[in-house]
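Every read-out reported here was derived from the displayed coordinates using simple, explicitly stated rules and does not represent laboratory data. The shown structure was predicted, so the numbers you read here are calculated from the model rather than taken from an experiment. Positions of Cβ are backbone-derived with ideal geometry, glycine not excepted, and every protein chain shown enters the neighbour counts.
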Amino acid sequence: MWFAGATDPAGVCSPGRVTSLPVRNNKPFVHVAMIAIALGALAGIVAYFGDWLPAPASREAGRIWFIFWISTIVSIVIFAIVIAAILYSVVKFRKQPDDDTDGPPIHGHTRLEIIWTVIPTIIVLLLSVASAIVLHKDSNAGTNPLKVEVIAQQYAWAFKYPSGLQTGVLRVPLKRHVELHITALDVLHSFWVPDFAQKQDAVPGQTFRLVITPTRLGTYPVICTELCGLGHSVMRTAAVVMPAAEFDTWLADQDAKLAGPPGEAGKTVFANNGCAACHTLKAAGAKGAVGPSLDKLPAAAAAAGLPLADYIRESIVEPNKVIAKGYPANVMPATFGQLPKAQLDGLVVYLAASVKGGS
Ligand code: HEC
Ligand SMILES: [Cu+2]
């Protein structure tokens, strides 16, 4: 075996010449490979069993997961090789106590440089091509998507269906393309359902498209992921994936109710827009306590010197014009000003009738 500093025993080279590489067998590679496999396995276990992200609940999310896993696997392989080489070198080539010499001055290794340029180039190209294909597929809404308008406003989400129905909870049918048209009315917001994996900014004055094809029934959180003001952390609602037939029945039922007499329609509007979460209203069995009890509206209207119906309408469309005493401003969402006129009218009629002790 040839060692660093060994002279050439057969005298082939000039005496005293130092051989180029310290060890001339495959042992270091075997050792590094063994450490790398151990590290890779460890990182793989952590990556696979760690509860990092919710399992995909849409076709689009499934494709994004595919890219996510490719990148993770590539990262684990690189991590394992680099750390294995470092660990091996730290132990094997540790400086001896009395060794004050410098390492051999090596520079330039064309083959190595080609390898470390070509391999990353191939990895990056593969990742970008795969990502481009996924992006393209994920923006395909097919021929008959359900179109839903998504309206973001401090600090609430509103969803509008083609019939004009507006709700505070996003309901979508299983396995049908849903094309969201996302916009904002005040500042930047961002629409995010972790289980659907995609995020889309909501920008005032612009409308962005996002396609979701749900593959799993359930209720998932809708989160604003763009810091949009004091109430940002509470700007949440739910996305409900329903069986397609059940969804159709629900939509038809809502539309029928909205087409009914204003009082009946208003009841549906009240239920659909999350008012009960913040307000008490006996007629609706609502027990929310974030905002004032709506059963006391006649007194509030009298205090404001407005007819009841006008006061109710103003409170809903411009919630910050008159702030109910003892309650915070900017908590009642302003999104209800976006309600189609018929739904707003119905809501006002319903509330006025309910609190007068009428219906
Ligand atoms: C996130 C909680 C929240 C939701 C959801 C909400 N409100 Fe409010 N609402 C408030 C708060 C807080 C106030 C008091 C501050 C103010 O006057 O703006 C208020 C005030 C009001 C008032 C005026 C009450 C008074 O006594 O002056 C009316 C009317 C009202 N809300 C109706 C509604 C209706 C209808 C809905 C559903 C479409 C709704 N609110 C949804 C929080 C909420
Ligand atoms: Cu927001």
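Observations on the model:
- Considering only 329, 263, 305, the residue lying farthest towards the positive end of the dipole of the range 260-355 is 329, judged by Cα position with unit charges set on Cβ.
- Dipole of the range 38-197, positive end: most advanced residue of 136, 114, 190 [Cβ charges, Cα centre]: 136
- Sum of -39500 (n - 2.57) over DSSP H runs of 4+, divided by residues of the chain (222 nm, nearest 500): -14000 deg cm²/dmol
- As a proxy for reagent exposure, 196, 29, 159 were ordered by neighbouring Cβ count within 10 angstrom, fewest first; the result is 29, 159, 196.
- Normalised alpha carbon radius of gyration of the range 146-251 [divisor 2.2 N^0.38 Å]: 1.00
- Over 24 Å (Cα to Cα) - which of 257/321; 199/321; 175/257; 137/199; 175/341; 325/356 fall in this group: 257/321; 199/321; 175/257; 175/341
- In percent, rounded to a whole number, the relative contact order of the range 180-259 is 27, using alpha-carbon pairs under 8 Å and six or more apart.
- Built amide H within the under 5 Å cut-off of residue 147, gap 5+: 179
- Estimated at 0.36 nm per residue, the fully extended path between residue 304 and residue 200 surpasses their Cα-Cα distance by 33.4 nm.
- The magnitude of the dipole of the range 260-355, with charges of +1 and -1 set on the Cβ of Lys/Arg and Asp/Glu and taken from the Cα centre, is near 200 debye.
- Size descriptor, Kirkwood hydrodynamic radius, that averages inverse alpha-carbon separations across the chain, Å: 25.8 Å
- Length-normalised contact order for the range 260-355 - Cα pairs under 8 Å, 6+ apart - percent: 39 percent
- Within straight-line reach of residue 92, meaning a Cα separation under 19 Å, sit the following aspartates and glutamates at least 8 residues removed in sequence or on another chain: 100, 102.
- Charged-residue dipole, Cβ positions (Lys, Arg, Asp, Glu), the chain about Cα centre, Debye nearest 20: 460 debye
- Residue separation of residue 187 and residue 45 scaled by 0.36 nm, minus their Cα-Cα distance, works out to 46.9 nm of gained length.
- Projected label distance in nm at residue 110 and residue 85, using a 7 Å step from Cα toward the beta-carbon: 2.0 nm
- In degrees, nearest ten, helix 244-259 long axis to first principal axis of the chain (Cα): 30 degrees
- The chain: relative contact order as a whole-number percent, Cα under 8 Å and 6+ apart: 14 percent
- Nearest-0.05 FRET efficiency for residue 126 and residue 276, computed from C-beta distance (R0 41 Å): 0.20
- Computed magnitude of the charge dipole of the range 146-251 (debye, nearest 20; Cβ of K, R +1, Cβ of D, E -1): 200 debye
- For the pair residue 30 and residue 207 in one chain, pulling the backbone fully straight at 0.36 nm per residue adds 58.0 nm over the alpha carbon distance.
- Charge tally in the Cβ shell below 11 Å around residue 173, where Lys, Arg are +1 and Asp, Glu are -1, residue 173 excluded: +1
- FRET efficiency, residue 322 to residue 342 (Cβ-Cβ, R0 22 Å, nearest 0.05): 0.35
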